Amino acid sequence: MVNAGVIGATGYAGAELVRVLAGHPQARLAAVSSVSFAGKPLSSVYPAYYGLCDLCCGTEEEVLQKSDVVFAALPHGLSQEIAKKCHDAGKVLIDLGADFRLKRLDEYEKWYQVKAVYPELHEEAVYGLPELFRDEIRGKKLIANPGCYTTAVPLALVPALQAGLIEKDGIIADCKSGVTGAGRKSTQDTHYPELNEGMHAYKVGGHRHTPEIEQTLRRFCGEEVTVVFTPHLLPVNRGILATCYAHLKSGTTLEQLQQTYEDFYRREYFVRVLPQGMRADIHHVRYSNFCEIELHIDPRTQMLIAVSAIDNMGKGAAGQAVQNMNLALGLEETAGLTALPPAF
Ligand SMILES: NC(=O)C1=CN([C@@H]2O[C@H](COP(=O)(O)OP(=O)(O)OC[C@H]3O[C@@H](n4cnc5c(N)ncnc54)[C@H](OP(=O)(O)O)[C@@H]3O)[C@@H](O)[C@H]2O)C=CC1
Ligand SMILES: CC(=O)N[C@@H](CCC(=O)OP(=O)(O)O)C(=O)O
């Protein structure tokens, strides 16, 4: 059995990790931590876990001591010291935050306003998007788990980009997120009367996921890529719907695109390329690690429209983190992640 620990277990991503790990056949939850709820059972923070996971919230140090694999689900800026401690103690760290995602440290420092204190750890970290970088993740000890938008958008675009079926200029990612993406702390934007029955774009023209999406796309076309990324807040709990637009290279057909995506994801358990006529829907992937992709061509504008759907808490956070743990430890990649999404 693998001893897994969660730092920041009282947040949405941490609590979802606890739920996923509870169903993992080869992992046991060894320790969880919180600052605000120190000494209290996790089930007092999330009553759904009462009688099922009554572990008390301890300190970060306790998690580090008791775990072989540490998951950090903290606001950005807090994982660098944890990574250093895990490195020194030879433990695996899967960081759900953004501290190790950007390889260009000037970009990290600019977008997150944080100093990169251990450049060698940033160098060592691998980007945990298994469908795109699986071989880099196997056996590694420091894994940067991508965020929700930065998973949904590249999965929708990379097959076409790598195959040279779309232009790298003029890519647009128009995305909608459920409110759990904003974390547990309430704000004016996430306050029920102001959120319910509404929808708005936010951080337009400057969201910090933009350089992360560009970093991934760059790796599949070997050149700089600039993306227009616009996120919107949807009045639902879970889900990311990413509608991605790109100019087609002359002569590209829908049949060619469909075949390219089906071939690219043929062996991927978690990615479902939908046949023509089926719709990608956040409803179909809730509480799961699955991603659905739907493909269209607009013949008038000669653009690809690729729509992907994931659960921001699943494939966009905790599910993918467990998939990364499985890969890092040499376990079955799908272990603990095979439950069907609820049908309704
Ligand atoms: N929600 C999502 O869809 C996704 C989130 N992520 C990333 O995962 C991370 C966590 O996000 P999320 O769970 O949504 O956030 P929440 O705000 O829901 O939770 C934050 C957690 O961090 C802890 N925390 C906050 N400040 C500190 C501090 N100064 N020292 C120690 N612990 C602290 C809180 O613990 P306590 O207050 O109990 O001490 C809480 O457990 C973030 O980096 C986020 O960007 C990534 C992908 C998707
Ligand atoms: C709705 C909402 O606010 N979503 C978050 C993204 C959540 C996420 O993916 O977190 P990372 O920043 O760790 O990638 C946002 O836009 O910042």
Exercise for the section: Give the Cα extents of segment 185-233 along the principal axes, in whole Å, largest first. Expected result: 46, 19, 15
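Can you give the % of DSSP beta bridges in the chain that are antiparallel, to the nearest 5? Don't skip to the end; give the middle numbers.
Details: 25 of 56 bridges.
Taking every DSSP beta bridge with both residues in the chain, the antiparallel ones total about 45 percent.
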Handout entry: Whichever aspartates and glutamates have a C-alpha closer than 19 Å to that of LYS140, once near sequence neighbours (fewer than 8 apart) are set aside
Key = ASP68, GLU81, ASP88, ASP95, ASP99, GLU120, GLU123, GLU124, GLU131, GLU332, GLU333
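Find the relative contact order for segment 149-311 and round it to a whole percent, using C-alpha pairs within less than 8 Å whose residues are 6+ positions apart. Before the final figure, lay out each step's value.
Working: 325 pairs, mean separation 49.5, N = 163.
RCO, segment 149-311: 30 percent.
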Practice task
Run the numbers on the chain and let me know its relative contact order in percent, using alpha-carbon pairs under 8 Å that are six or more apart.
Solution key: 18
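Specify whether the C-alpha gyration tensor of segment 1-137 places it in the rounded, prolate or oblate class, a ≥ b ≥ c being the square roots of the eigenvalues: rounded for a/c under 1.5, otherwise prolate if a/b is larger than b/c and oblate if not. Can you show the working numbers first?
Working: a/c = 1.94, a/b = 1.61, b/c = 1.20.
It is prolate, given that a/c is not under 1.5 and a/b is the larger ratio.
Once the Cα gyration tensor of segment 145-288 is diagonalised, what are the square roots of 5 times its eigenvalues, in whole Å and ordered largest first, as equivalent ellipsoid semi-axes? Display every interim value, and only then the final one.
Numbers: eigenvalues 159, 65, 35 Å².
Equivalent-ellipsoid dimensions as semi-axes: 28, 18, 13 Å.
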Exercise for the section: Classify segment 214-259 as rounded, prolate or oblate, taking a ≥ b ≥ c as the square roots of the eigenvalues of its Cα gyration tensor: rounded when a/c is under 1.5, otherwise prolate if a/b is larger than b/c and oblate if not. Expected result: oblate
Fill in the blank from the handout: Taking Cα atoms only, helix 254-264 is inclined relative to the longest principal axis of the chain by an angle, in degrees rounded to 10, of 30
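Can you show me the helix-derived [θ] at 222 nm for the chain, built from DSSP H runs with n ≥ 4 at -39,500 (n - 2.57) apiece and divided by the number of residues, rounded to the nearest 500. Before the final figure, lay out each step's value.
On the way: 12 runs with 107 residues, N = 344.
Per the formula, -8500 deg cm²/dmol.
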Handout entry: Value in Å of the Kirkwood radius, where the chain supplies the Cα pairs that are averaged
Key = 20.4
Completion exercise
Checked against a 24 Å limit on the C-alpha separation, the offending pairs among LYS115/LYS168; LYS115/LYS203; LYS84/LYS115; LYS40/LYS84; LYS40/LYS185 are LYS115/LYS168; LYS40/LYS84
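Every read-out reported here was derived from the displayed coordinates using simple, explicitly stated rules and does not represent laboratory data. Computed from a predicted structure; not experimentally measured.
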